[in-house]
Structure formats: C-alpha cells, structure tokens
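What follows is a short report on a single structure.
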Amino acid sequence: MFTALSTQRLVLRPPEPGDVDALHARRNDPEVAEFQAWALPFERERAAQVLDHVTALDGPTDGRWWMATVCLHDGEIIGDLAVRNSWEGRSAEIGFTFARRHWGHGYALEAAEGLVRWLFEDQGVTRVHAMAHPDNHASTMLLERL
C-alpha cells in the first residue's frame, strides 16, 4: 500500500478522482506530450479512466502501471510519477510527467529520488529502470543524475 511521501518541497500521494482536471490539462499540452506514448487530444474522459484505473490499485502492482500524484506542499498538483513492477515486485520501471510551467525547477528529480528511495527501502525492489525518447534530452539528463 502506498501512503503519501514528503520530500523537501513536494508531496507524492496516491491519486484521487479529483485530480482529473490537472491530469487532463497536463496530458493535453503538446510540449508535455511530445515524447510520450499518448495521442492528442487527450480527452477528459480518458483522464478520468486513467484515474479510475490507478485509484483502484493500492500502489505499484506487477504488470500494471500505477501513478502517484506530485504536489507542492501547498497542494498544487504539478505532475505525476508512474511505476510498473515486474518480477514479483523485484523490478520497477518508472516514468514521470510534469506540467510545463514546473519544468526546470528540479521537481522531477526530487520526486523521482523520493519514489526510488521508497521502492528500494520500503518495497524491496532490487532494480529500477526507465526509458526516454532519444530526443528528450532533459529527461535523459534527469535519469543520468538519478
């Protein structure tokens, strides 16, 4: 089960149905979606379906994508972290999506560090991996730092 995690500037919390507007807006931004696997437009109904799927899970699950909502300490939603476990929870693939206006502030790295720490220390994961589009230099640099 996933409970909220705090970092210096952020809260990583389980997703809630009320996150739909922020998810919809973030996933509809062409610059945010440029290197992602979803097609535009990303309908609000689809955002609601994504949230229905992930809120039904208690946290990362083998073979299924789950997502944590990333907020500033004041509650503003700024992004999400995705996790898909495999090998009976020993391995995890991660991903991240942040609203464009929050790029360049180190939030994605801070959030990913918190998530990866939790995966290793609390969940018994022994390997974490991620993929990035070759042209997504910012994400590639973030993953190298992580």
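The values are calculated or read from the model by the stated rules, or taken from the named source; none is laboratory data. As the structure is a computational prediction, the values presented were derived from the model and not from experiment. A quick note on method: Cβ atoms are made from the backbone with ideal geometry, for glycine too, and the neighbour counts reach across all protein chains shown. Note: areas computed on protein heavy atoms with side chains; ligands, DNA, RNA excluded. Shrake-Rupley method; radii C 1.70, N 1.55, O 1.52, S 1.80 Å.
Hand me the list of strands (runs of 3 or more DSSP E) wholly inside region 53-146 holding 2 or more residues that are under 18 Å from A33 (Cα atoms), of a type in the set (G, A, S) and open to solvent by less than 80 Å² (accessible area, probe 1.4 Å). Steps first, please.
Numbers: elements: 65-72, 77-86, 91-98, 127-129.
The strands (runs of 3 or more DSSP E) meeting that bar are 77-86.
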Of the conditions (1) free of Cβ contacts under 8 Å to residues at least 24 places away in the same chain; (2) on the phi > 0 side of the Ramachandran plot, E88 clears all except one; give me its number. (1)
Pair list, Cβ < 6 Å and 6+ apart or interchain, from region 122-146 residues that are touching a residue at least 40 places away in the same chain (Cβ under 8 Å) to residues that are open to solvent by less than 50 Å² (accessible area, probe 1.4 Å) and in a loop (DSSP other than H, G, I, E, B): S139/A132
How many residues are in contact (Cβ under 8 Å) with a residue 24 or more places away in the chain, more than 14 Å from T97 (Cβ to Cβ) and aliphatic (A, V, I, L, M) when one looks only at region 1-38? 5
Taking region 17-38 as the search range and keeping residues that are loosely packed, with under 12 Cβ neighbours inside 10 Å and part of a loop (DSSP other than H, G, I, E, B), which one is modelled with the highest pLDDT? E34
Considering residues that are in contact with a helix residue (DSSP H, G or I) (Cβ under 7 Å, 6 or more places away or on another chain), without any contact (Cβ under 8 Å) to a residue 24 or more places away in the chain and surrounded by 14 or more Cβ atoms within 10 Å (Cβ to Cβ), the number found within region 39-52 is 1
